[in-house]
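Chemist: Sharing a structure below in structure tokens format, with a few things to ask.
The values are calculated or read from the model by the stated rules, or taken from the named source; none is laboratory data. No experiment lies behind these values; they were computed from the predicted model shown. Glycine also receives a Cβ, built like all others from the backbone with ideal geometry; neighbour counts cover every protein chain displayed.
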Amino acid sequence: MASNAYRNGTSSHKGTIKPLAASNSSNGKSSSSKSRLPPSSNHSPGSAPLRRSNSAGGSDGVPGRVRVAVRLRPRNAEECVADADFADCVELQPELKRLKLRKNNWDSETYEFDEVLTEFASQKRVYEVVAKPVVESVLDGYNGTVMAYGQTGTGKTFTLGRLGEEDTSARGIMVRSLEEILANVSPETDSVSVSYLQLYMETIQDLLDPANDNISIVEDPKTGDVSLPGATHVEIRDEQNFLELLTIGEAHRIAANTKLNTESSRSHAILMVHVKRSVLSAEDAIPSETDKSSHFAKLPKPLVRKSKLVLVDLAGSERVHKSGSEGHMLEEAKSINLSLSALGKCINALAENSAHVPVRDSKLTRLLKDSFGGTARTSLIVTIGPSPRHRGETSSTILFGQRAMKVENMLRIKEEFDYKSLSRRLEIQLDKLIAENERQQKVFDDEVERINLEAQNRISEVERNFADALEKERLKCQMEYMESVKKLEEKMIETQRKNGCDGFMKDKSNGEGPGFSVVEDIAEVKKMLEKEIHMRKEAEEEVNKLKSQLRQCTDSGEGGDSEILKLQQALADEVHKKKKLEEETIVLRSQLLQLTFEADQMRRCLGRSGSTNGYGGLESPMSQVRDSLNGHKTPVAALFEQVGLQKILALLDSEDVNVRIHAVKVVANLAAEEANQERIVEAGGLTSLLMLLRNYEDETIRRVVAGAIANLAMNEANQELIMIQGGISLLSMTASDAEDPQTLRMVAGAIANLCGNEKLQVKLRSEGGIKALLGMVRCGHPDVLSQVARGIANFAKCESRASANGIRSGRSVLINDGALPWIVQNANNDSAPIRRHIELALCHLAQHEVNAKDMITGGALWELVRISRDCSREDIRSLAQRTLNLSPVFRAEIRRLRIEL
Ligand code: ADP
Ligand code: MG
């Protein structure tokens, strides 16, 4: 595959050097000319000026030829011995960057390289001339490749891969490159990661993860970029970290080769260093908040550079060479190192500017697609040995290097817009703007409030001023008016006085006036009056004007007035509601107490029902109520405390009938308590109750009112008050109107109580009380009858007492009013209470001799005899006996009838 066309050497005896680039010249380039790579090696990464990105496929890359250096290995121990008598096969002229390859003792060929490195060249120097420019380009955002090519044992691994752990000066290009990269990236914004691979027999193995032994190459269909997504990427933070990784990789390489029964010289080692850096573009800018000239000002554009440094330690080149010369089967050689021969073919094609470059023939060429004929900056170091025994290998290596020097790359920066970073920055900017906006809004609001306040102050000041001015004007006008009136009056008096005098004088002097005329006076007065009227008009106009101005000024205040009116209205409503609520509260409390009371009463009645005896019948219903309250003052006391008697009584006048009923019930219950009776009457309760009885025909109210009055009527002092206030006639009226037995029972009970008062006997009867009482027997209900009987008994007792005391005389009112037949009829009533009361009444009536006759004719004697014999109550029985024995009329009749007592 070597071709003369690429041989740039010529016979030295011709004394001329054929520049390698006979063909280079045709490209207009000198092989010795420095690379025209755009990035300056002096640029520090941070300050590197940015070039326009062309990662999007722009064609504005810059040309950059593959640079090739040759390195000669010193003679090793074996060579020192074996070749002791022979000269080296090469002679180096490093200052001329030339290499002479001896053909024989008298003939040699000269080649020019970009760098010629002698056996004395230090590792540091090798790095600086071969790799450093590439590393700097990578830091600038370009892809870069450094590759070593040469026969096995010529120092490829020595040049690239030495770790130099014991002797740092021995460190190879890999370690030095990483050291430089790490020193120049910023840990905050940049990142560095590596993959370490081995390519053997067209299989890519991961040296950082040996299990991963068949990694595939992925090609971006758009950009053509190749990548190894399956390879392990390890982020590198420091050099030590990297050294460890390389050691691990090397150990895996040895292990893998042992397993495959091969040697490292037959495989390619590829170290890929991925550098990602964030930078800001100074040229293209995006909007920023700092520029006040536009809504959005310019911000440096965030960019991200993703470059890759590929360091390739190739397999020994002798394999390709020997495949033919040593008679190896071509196929075997191919299978051993297809990649290396494919690389040679590609480089040939590129050097010849051939239309077709067989990149796809091998994995190596696919991986190095960007390194040769692509966008990367590439440096190749070809290593040779000095031994004349390997002259053929050396020659072929030199020719490979020479051809590679003709490969022209088009360098392009690997830079793209950093959307993530931009988005982050825009978010921050947006937050700032929002905060600023909020701050300004607050300032604005404060300002509006301040201006409002100021305006209000001014309005009120103007209003005040106007009011003052108006008042002053009014006073002034009033004063002027008063003065004018006063003057006019004076004038008039004066005129009248003069007129009177003139008249008198006229009479006397017969019209002789000393130049003073009444007409003139009148005219003057008229004029003054007109003037006054005019002035007044003016003043009025002035006042009107001021008034209208004031109206205008106060217009704005009217809203406030209406607001106040509304508030007042609302307040009034609230007061009304509150009052209602208070009323309802009182009612509810009363109801609660009422219910408590009723429940209690019910419970007590039930409790007593078992033990009721005949005596119970003699008690009034209200006294039952009273009894039930004994020992249960708590609810009543609580009611007084909580609600207040006045408030309860006030509710008797409530418009709500339910409220009234409840109030009456409460009062009735209170009245059952003797201690309360006086207080209720004092507080006007009696009057209110009587009023109710007078004004309402509601049955319930009447019943409850009557009950309340009945309770109050238990008290002697109240009995008189009831009479004085016309209570008896009201009760009589109710007695005749009502149908409900309970109402009648209450009314009868009330009258029965009154019947027990001696002082009221006459009045009670004269006001129809007795008639009313007797009239209620029509109802026939035993409860009513019992009360009627009690009333009769009370009344009869008082009558007999009054008669005994000589206060009254004559027949009993009861007999007069025709009660006797009913009394006789019910004297033996089945109901025990009725019977007892009537028995007592009969006894009382019989006390007085004047009644005896009527009683005998009315059949009462028989009843008395029965009582004296059969009455179960001993006191009544003996009273009846005593009465019958003491009365001569009865005694005579008994005797007459031969009744045995
Ligand atoms: P290759 O990788 O090309 O097969 P090596 O790097 O393994 O060759 O080198 C073979 C031997 O030569 C090693 O022992 C190495 O130390 C030595 N050697 C290579 N180059 C140099 C050099 N420039 N100076 C001193 N020793 C070298
Ligand atoms: Mg090696």
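Chemist: Picking from Arg389, Arg403, Arg366, which residue would you name as being of a type outside the set (Gly, Ala, Ser), surrounded by 20 or more Cβ atoms within 10 Å (Cβ to Cβ) and either more than 16 Å from ligand 1 (Cβ to nearest atom) or touching a residue at least 12 places away in the same chain (Cβ under 8 Å) (or both)? Before you say what the answer is, go through the steps one by one.
Modeler: On the way: Arg389 fails: surrounded by 20 or more Cβ atoms within 10 Å (Cβ to Cβ); Arg366 fails: surrounded by 20 or more Cβ atoms within 10 Å (Cβ to Cβ).
Arg403 is the lone residue from the list that is of a type outside the set (Gly, Ala, Ser), surrounded by 20 or more Cβ atoms within 10 Å (Cβ to Cβ) and either more than 16 Å from ligand 1 (Cβ to nearest atom) or touching a residue at least 12 places away in the same chain (Cβ under 8 Å) (or both).
Chemist: Is there any pair linking a residue in the stretch 150-165 that is farther than 13 Å from Glu250 by Cβ to one that is within 6 Å of ligand 1 (Cβ to nearest atom) and of a type outside the set (Gly, Ala, Ser), with Cβ under 7 Å and at least six apart or on different chains, and which?
Modeler: What qualifies is Gly150/Lys156; Gly150/Thr383; Thr154/Arg73; Thr154/Thr383; Gly155/Arg73; Gly155/Thr383; Lys156/Thr383; Thr159/Thr383.
Chemist: So if I check each of Ser786, Ser809, which one is in contact (Cβ under 8 Å) with a residue 12 or more places away in the chain, out of contact with any strand residue (DSSP E or B) (no Cβ under 8 Å at 6 or more places or on another chain) and assigned to a helix (DSSP H, G or I)?
Modeler: Ser786
Chemist: Follow-up. Do any strands (runs of 3 or more DSSP E) entirely within the stretch 71-119 hold 3 or more residues that are of a type in the set (Ser, Thr, Tyr), and if so, which? Don't jump to the end; show me each part of the working.
Modeler: Details: elements: 90-93, 98-102, 108-112, 115-117.
Filter on the stretch 71-119 gives 108-112.
Chemist: Filter the stretch 541-559 down to the residues that are of a type outside the set (Lys, Arg) and at pLDDT 80 or above, then identify the one that is farthest from Glu463 (Cα to Cα).
Modeler: Glu541
Chemist: Can I ask one more? Which numbered condition trips up Arg811, out of (1) buried (at least 18 other Cβ atoms within 10 Å of the Cβ); (2) within 15 Å of Leu845 (Cβ to Cβ); (3) not small (Gly, Ala, Ser)?
Modeler: Among (1) buried (at least 18 other Cβ atoms within 10 Å of the Cβ); (2) within 15 Å of Leu845 (Cβ to Cβ); (3) not small (Gly, Ala, Ser), Arg811 violates only (1).
Chemist: Further question on the same structure: Suppose we filter the stretch 162-175 for residues that are away from ligand 2 (no atom under 16 Å from the Cβ) and crowded, with 23+ Cβ neighbours inside 10 Å; how many remain?
Modeler: Within the stretch 162-175, residues that are away from ligand 2 (no atom under 16 Å from the Cβ) and crowded, with 23+ Cβ neighbours inside 10 Å number 0.
Chemist: Another one. Here are some conditions: (1) in contact (Cβ under 8 Å) with a residue 60 or more places away in the chain; (2) over 21 Å from Val659 (Cβ atoms). Gly707 meets all but one. Which one does it not meet?
Modeler: Result: Gly707 fails condition (2) only.
Chemist: If only one of Ser267, Ser317, Ser339, Ser307 is at pLDDT below 90, more than 16 Å from ligand 1 (Cβ to nearest atom) and among the polar types (S, T, N, Q), which one is it?
Modeler: Of Ser267, Ser317, Ser339, Ser307, the one residue that is at pLDDT below 90, more than 16 Å from ligand 1 (Cβ to nearest atom) and among the polar types (S, T, N, Q) is Ser339.
Chemist: List, please: which pairs have Cβ atoms under 9 Å, are six or more places apart or on different chains, and start with a residue in the stretch 89-107 that is more than 15 Å from Thr394 (Cβ to Cβ) and end with one that is loosely packed, with under 12 Cβ neighbours inside 10 Å?
Modeler: Pairs found: Asn105/Ala87; Trp106/His13; Asp107/His13.
Chemist: Can you go through Gly859, Gly810, Gly791, Gly818 and tell me which one is modelled with pLDDT under 90 and under 30 Å from Asp740 (Cβ atoms)?
Modeler: Values: Gly859 fails: under 30 Å from Asp740 (Cβ atoms); Gly810 fails: under 30 Å from Asp740 (Cβ atoms); Gly791 fails: modelled with pLDDT under 90.
Exactly one of Gly859, Gly810, Gly791, Gly818 is modelled with pLDDT under 90 and under 30 Å from Asp740 (Cβ atoms), namely Gly818.
Chemist: Can you confirm whether Gln429 is touching an Asp or Glu at 6+ places or on another chain (Cβ under 6 Å) and either modelled with pLDDT of 90 or more or within 30 Å of Leu303 (Cβ to Cβ) (or both)? Give the steps one after another, and end with the answer.
Modeler: Values: touching an Asp or Glu at 6+ places or on another chain (Cβ under 6 Å): yes; either modelled with pLDDT of 90 or more or within 30 Å of Leu303 (Cβ to Cβ) (or both): yes.
So Gln429 fits the description; yes.
Chemist: Go over the candidates Val138, Val68 one by one and state the one that is surrounded by 18 or more Cβ atoms within 10 Å (Cβ to Cβ), away from ligand 2 (no atom under 16 Å from the Cβ) and not in a strand (DSSP E or B).
Modeler: Values: Val68 fails: not in a strand (DSSP E or B).
Only one candidate passes the filter, namely Val138.
Chemist: In addition: Given Leu690, Leu670, which one is assigned to a helix (DSSP H, G or I), touching a Gly at 6+ places or on another chain (Cβ under 7 Å) and either among the aliphatic types (A, V, I, L, M) or at pLDDT 80 or above (or both)?
Modeler: Residue meeting the stated conditions: Leu690.
Chemist: Just checking, how many residues over the stretch 165-205 are in contact with a strand residue (DSSP E or B) (Cβ under 7 Å, 6 or more places away or on another chain), closer than 15 Å to Phe242 by Cβ and not aromatic (Phe, Trp, Tyr)?
Modeler: Taking the stretch 165-205 as the starting set, the residues that turn out to be in contact with a strand residue (DSSP E or B) (Cβ under 7 Å, 6 or more places away or on another chain) are 173-174, 177-178, 181-182, 185, 189-199, 204-205.
Within this subset, residues satisfying the condition of being closer than 15 Å to Phe242 by Cβ are 173-174, 177-178, 181-182, 185, 191-196.
Subset that is not aromatic (Phe, Trp, Tyr): 173-174, 177-178, 181-182, 185, 191-195.
Total satisfying the criteria: 12.
Chemist: Could you list, in sequence order, all residues of the stretch 141-161 that are within 21 Å of Phe120 (Cβ to Cβ), more than 8 Å from ligand 2 (Cβ to nearest atom), out of contact with any His (no Cβ under 7 Å at 6 or more places or on another chain) and among the polar types (S, T, N, Q)?
Modeler: Thr154, Thr159
Chemist: Checking Lys259 against (1) more than 18 Å from Gly161 (Cα to Cα); (2) in a helix (DSSP H, G or I); (3) touching a helix residue (DSSP H, G or I) at 6+ places or on another chain (Cβ under 6 Å); (4) of a type outside the set (A, V, I, L, M): exactly one of these is not met. Which one?
Modeler: (3)
Chemist: Let me ask you something else. Could you please tell me which pairs satisfy a Cβ distance under 7 Å, a separation of 6+ or placement on different chains, a first residue in the stretch 843-865 that is surrounded by fewer than 19 Cβ atoms within 10 Å (Cβ to Cβ), and a second residue that is hydroxyl-bearing (Ser, Thr, Tyr)?
Modeler: Going by the 7 Å Cβ cut-off, the qualifying pairs are Glu849/Ser887.
Chemist: Also: Could you figure out which of (1) modelled with pLDDT under 95; (2) within 14 Å of ligand 2 (Cβ to nearest atom) isn't true of Pro187?
Modeler: So Pro187 meets the others, but not (2).
Chemist: Now a separate question. Taking the conditions exactly as written (out of contact with any strand residue (DSSP E or B) (no Cβ under 7 Å at 6 or more places or on another chain), touching a residue at least 12 places away in the same chain (Cβ under 8 Å) and either closer than 30 Å to Ser387 by Cα or near ligand 1 (Cβ under 9 Å from one of its atoms) (or both)), does Lys132 satisfy them or not? Outline the logic, then answer.
Modeler: Working: out of contact with any strand residue (DSSP E or B) (no Cβ under 7 Å at 6 or more places or on another chain): yes; touching a residue at least 12 places away in the same chain (Cβ under 8 Å): yes; either closer than 30 Å to Ser387 by Cα or near ligand 1 (Cβ under 9 Å from one of its atoms) (or both): yes.
Yes, satisfied.
Chemist: Within the stretch 380-427, restricting attention to residues that are hydroxyl-bearing (Ser, Thr, Tyr) and either away from ligand 2 (no atom under 16 Å from the Cβ) or under 58 Å from the mean Cα position of the chain (by Cα) (or both), which residue is nearest to Thr110 (Cα to Cα)? Show your work before the answer.
Modeler: Filtering the stretch 380-427 for residues hydroxyl-bearing (Ser, Thr, Tyr) gives 383, 387, 394-397, 419, 421, 423.
With either away from ligand 2 (no atom under 16 Å from the Cβ) or under 58 Å from the mean Cα position of the chain (by Cα) (or both) added as a condition, the list becomes 387, 394-396, 419, 421, 423.
Working: Ser387: 17, Thr394: 13, Ser395: 11, Ser396: 14, Tyr419: 53, Ser421: 54, Ser423: 59 Å.
Restricting to residues being hydroxyl-bearing (Ser, Thr, Tyr) and either away from ligand 2 (no atom under 16 Å from the Cβ) or under 58 Å from the mean Cα position of the chain (by Cα) (or both), the top hit is Ser395.
Chemist: So the check is Cβ under 7 Å with 6+ separation or different chains; which pairs have a first residue in the stretch 458-470 that's closer than 16 Å to Ala539 by Cα and a second one that's in a helix (DSSP H, G or I) and among the acidic types (Asp, Glu)?
Modeler: Nothing qualifies.
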